[in-house]
Each structure stands twice: as C-alpha cells, then as structure tokens.
Amino acid sequence: MTDHVQIPVKNRMVFKKKAGPSPQDRPTTEPPWKILVVDDDSEVCLLTTEVLRGFVFEGRSIELISGYSGQESQSLIRQHGDIAVILLDVVMETDHAGLDVVKFIREEHGDKNMRILLRTGQAGLFPEEKVFEQYDINNFLEKADLTSRRLKTALRVALRAYRDMLELDDARKRESLLRQAADAASLAKTNFLHMMSHELRTPLQGTKGPFEEFKNQFHLFAGTRKLWALISKLGDEALKAQFSASLAEITKEVVEIAEQGLTSVEHLLGIIEDVLDFARIEAGKLTLSMDVHAVAKPVHEVTHLLRPLAEKKGIALTVTIMGDYNVRVDLKRFKQILFNLIGNAIKFTAQGEISLHVSQQANFVLFRVADTGLGIPPDKMEVIFDAFEQVDNSPIRQAGGTGLGLPITRELVRRQGGDIQVQSQVGAGSVFSFSLPLAANNPVV
C-alpha cells in the first residue's frame, strides 16, 4: 500500500508516494547542502520539510531554510552565502514576488551558481516557456502535479548541476592561479635576464677596449717604429731579412689573437644585447622612436658593414631597391631588423649568394632577404620565431646564437606596423620577407 499524502492548500500542491533516501547516498562528514524553501503558505514549507526529511545527495544531507516572502528570502540569501538550491513560489506578497527574487539572485546578488526551481500553483498566470525565456531559472514546477518523487528528482538534478558549477569555478580559479604563477615566474625570469645581462655587459665592454688598444699599439710599435728602425741598422742582410720575417710573423699572430678576442667579446655583447631586448619586450618596456626615413640610406649602411663578412666566405651580397621609398620607423630598430636577417643569411650560407630586394606592395614596402643556405625543415617553420628555439640541425647548431634573433626581429617588425614571413626549402635556401607601412607623402628625415 503506497503512502499517499494530499493537503489542500492555497495553490493545491500534492505530494504522493513518500520515498526514503536512496541506498546509494551514504553519509559523509562534509557539510550539508543548503536548500532555501520560499512560500507564503507555511503549510507548504512544513510539508516540503517533511517530504525531504532524511534526503541525502552524494553522501551529504540537506539543511532546509524556510522563508515566507520575497523580501525575507532576499535577506536569507544575503545571510547564507552558499545556498545550493532555492524552491521558490512565484505569487506571494505580489503576483511577481518570486520573479523579483530571481532577478535579485542573478543580478544584484550576482550568484550564477544557485539553482532556482520555481513552484507555482497558478501556471496560467506565468506560462512556463515565457518565464524560461525572460528569467534565468533552472526548473519550472507546477504544484498540482508535484509528487514527492518528482520533487526529489528535481532536487537531485539541481544539486548535481550546482556541484558541477562549483567544480567548474574551482577549475577556473586553479587555472587563474596557475596562470598568475606562470606570469610571475615569467616576470621573474625576465627581470633576472635583464639584470644579469646588464651585469655582464659592463665588464665585457671594459674588456673590448684593451683588446682594441693592444691591437692598435702593437701595430704602431711593431709595424713602423722602434723595432723596424733597429732591424734596419743591422749590417747583415740575411740576418735583417730573417728578423724582418720573424717580426712580421709575430705581428700577424698577435694581431690575429687580438682580433679573435675582439670577435669573441663582440659576439658575447651581441648575445647580451639580444637577451636585453628580449627582456624589454617581455616586460613591455621596449620603446620606439618613430619617424619618417628614406629606406635607401640605412639599407646601404647595413649592407656596407656586413659585406666583408659575406666576402670572407666567398658569398656575393647584392642589393636592389626598386624606388625611393620612405617608411615611418625607429631607425635604430629598423637597422637591427636588417642586421638580424642579413646576418643570419650570411651565418647559415656556406656558398652562393645573398640578395636584398626592396619593392612596393600596395601601401607597404616589402623587403626580401634571400639566401642559398641550409634551408629550414618544414616541421620547424612554426617554431623558428619562438624564443630560445633553434633548428635542430648540426650545421645550424654549430653557428651558435641564443635563438632570440628571429623572435626579436618579428616583434620589432610588428611593433612598427608590419609583418614577417618565411619560405624555405632544405638544401636550397630561405627567403625572409618583411613589410613596413609606406610613408611616401611624409617629409623625409
């Protein structure tokens, strides 16, 4: 015989077949779920309490809180900050009191997690479809058809959704904390790189000067003055020739040592400058001094400085500029872009030629640096612009570097309103193309 309960109340809410707690719901030590029951009929609140007595969801019991008006429910919501589900009557002190509570929960109180189950005995006054469209509720229950089983099922569904919302919030918070920790670690790394680079650059700059002075002074001393004057006084021509040859050889070796020292210092300084630039970019402290400049002059200045490096390897370096173009750039950083791309081409080209071609493409000036070097494998094309990345290729590894040149170059191009792309074929070479906005109608600096 089933237990059937029917209590005639104002809105005729009927409960049928009272059911006990599910055998799967085992009690735990976790705090109970808070359920707020709001109805202006005290008998409805009492009956709901009776029906839900002993209710357990996922091992947690429930704590029922009763309110008898929309205004009282708002106070209870403020008082209890972790209400999981509200069973909310619609018509109370006003016809729309319950709907006002819904707006309060979602908008003023800002709770998007609480599950809102509307219960009404006057469904015709507020059609279900219209209420769902206009209000952020989670279920719409008609009291006339509501049994204890349906109520418990609706409550389980609501609690499961509430639990999922909390887990999602926790996951988002963890993700945010992890992101903050990663950002803090990245900032600490950037600051460390910046500090260490400054600390290293100062003594290296001090080392560069003595190497240059040593090279110059040795040339002066051995090349034109005292030693050659003494040798010229020797009467024995054979001895004079022997001394001259020995001194020339010593001079050559010492100068080469000095030049190697200078090259090493300049290489280290270049690495440190890259690290400093990268640190500035990461910290958002890279500033540009933009102005209008003619393209030809800085292009020729850069290629003039780099041409001896290419010729030393037997590589031809050609420059073609198709017109008188002006660009709005930071001149120092514009030259740095050219140095990086042409310097890389020289570094990774064993033989053949390197060309720089400058032309107009719509409202941009296009710079193409092409080489006949090693080329880049297709699977590495996506990472060459990533910081500290280098192509895992033995000859390229031997060329050295930090893996920062291309990331810095891309950032400098983008900061000046342009873009950079690369095309490459292993064994045939690479073409790096970057564009900068044309400033043809502006005065040239």
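The values are calculated or read from the model by the stated rules, or taken from the named source; none is laboratory data. Note that this is a predicted model, so its numbers are computed, not measured. Note: ideal-geometry Cβ built from the backbone for every residue, glycine included; neighbour counts use all protein chains shown.
Values for this structure:
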| read-out | value |
| --- | --- |
| Every pair of residues 6+ apart whose Cβ atoms lie under 6 Å, when the first sits in region 83-104 and is in contact (Cβ under 8 Å) with a residue 60 or more places away in the chain and within 24 Å of residue 33 (Cβ to Cβ) while the second is surrounded by 24 or more Cβ atoms within 10 Å (Cβ to Cβ) and of a type in the set (Ser, Thr, Tyr) | 101/73 |
| Residue check, residue 319 outside any loop (DSSP other than H, G, I, E, B), in the same structural domain as residue 428 (by the TED database), in contact with a helix residue (DSSP H, G or I) (Cβ under 6 Å, 6 or more places away or on another chain) and crowded, with 18+ Cβ neighbours inside 10 Å | no |
| Members of region 406-427 that are among the small types (Gly, Ala, Ser), surrounded by fewer than 17 Cβ atoms within 10 Å (Cβ to Cβ) and at pLDDT 90 or above | 417 |
| Exclusive hit being acidic (Asp, Glu) and not in a loop (DSSP other than H, G, I, E, B), set 379, 324 | 379 |
| Leading residue by the ranking (modelled with the lowest pLDDT) among those in region 103-128 that are farther than 17 Å from residue 75 by Cα and not in a loop (DSSP other than H, G, I, E, B) | 128 |
| Of the criteria (1) modelled with pLDDT of 90 or more; (2) within 30 Å of residue 31 (Cα to Cα), which one residue 138 fails | (1) |
| Residue tally, condition out of contact with any strand residue (DSSP E or B) (no Cβ under 7 Å at 6 or more places or on another chain) and free of Cβ contacts under 8 Å to residues at least 40 places away in the same chain, over region 105-118 | 6 |
| Hits in region 34-61 (condition: in a strand (DSSP E or B), touching a residue at least 40 places away in the same chain (Cβ under 8 Å) and under 44 Å from the mean Cα position of the chain (by Cα)) | 34, 35, 36, 57 |
| Residue satisfying all of: in region 13-49; under 17 Å from residue 118 (Cα atoms) and modelled with pLDDT under 50; surrounded by the most Cβ atoms within 10 Å (Cβ to Cβ) among these | 13 |
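Yes/no matrix, rows are residues, columns are (1) among the aliphatic types (A, V, I, L, M); (2) at pLDDT 90 or above:
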site	(1), (2)
55	no, yes
71	no, yes
86	yes, yes
91	yes, no
130	no, no
